[in-house]
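Notes follow the structure.
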Amino acid sequence: MKKIITLISLILNITLLYAQSEPTISKPYGSSLSFELTKKLKNNLSISFEQELRTRNNFKEFDRTTTFLSFDYSPEKYFKIGCFAGLILNNEFYSKHTESGRINIDTNYLQPRYRGGFYATGLYKIGNFKLSLRERIQFTKWDKFKRIRPEKIIFDTLEARQKFELRSKLELSYKIPKTKIEIYSNAELFLYLNRKRNLETLEYEDPFVNEIRYIIGLNYNFNKHHELNLYFRYNRIFEEIDSYNIIYLIGCGYAFKF
């Protein structure tokens, strides 16, 4: 028990240390609710479907919904590779100038984004401890002025954008003996690979880290089919922070495997 308390205290202190230098926004809290369904197939293959809903603005405003489908292959017990594809619907802001020169802000629309990629995860186990490293390359595409409203059709596309990122996540977990609880902590680094330096010449910057996420949480396994995940996430953003960014996120996820 002393080891568990020491580990949790260390993680919290590191998170608070980074939080001291984070630019503040007035309403930085958000939440995440997710559901995952996983079906094991033959030959060490599996398929998963995941749905997530996020809120922002101190839990008062819808942020986005995501729908993903992924395929996994585990050639070895402690190694896994996979691919994924999905749709993200963001609650975005839109600004425009009127004839009087004033700016109207319209938030009542959804912006679709399309994301896909590949990943590989390696796992090393020592007693009740598990150390894992996941490398994930992802591609996201969206149209800057493509918007969906309940009462109108999709607006015309004026500018297509795309983003390549390498996401590296290191995680340490501990299975508490004689319980169904596993506590864990991870840090995930986002490496932006194709940000444009100049919109006129279309030159690219060198790859740079634009975000790091820190998570502490626990998994509760009711049985081999049902699992509950509770966690707290802190986002360290190195780019300019928008008013709708989520810095502190409380998450809850349910997974069903069969």
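For a 22 Å ceiling on Cα separation, which of these pairs sit above it: 163/257; 42/180; 27/141; 80/163; 130/224; 42/178? Violating the 22 Å Cα-Cα cut-off are 163/257; 42/180; 27/141; 80/163; 42/178.
Positive contributions from Lys and Arg (+1) and negative ones from Asp and Glu (-1), summed over other residues with Cβ under 10 Å from the Cβ of residue 138, come out at +3. A cut-off under 9 angstrom between Cβ atoms defines the neighbours of residue 63, and their net charge, with Lys, Arg +1 and Asp, Glu -1, is +2.
No value in this document is a laboratory result; all are computed from the given coordinates. The shown structure was predicted, so the numbers you read here are calculated from the model rather than taken from an experiment. Neighbour counts run over all protein chains shown; Cβ positions are idealised from the backbone, glycine included.
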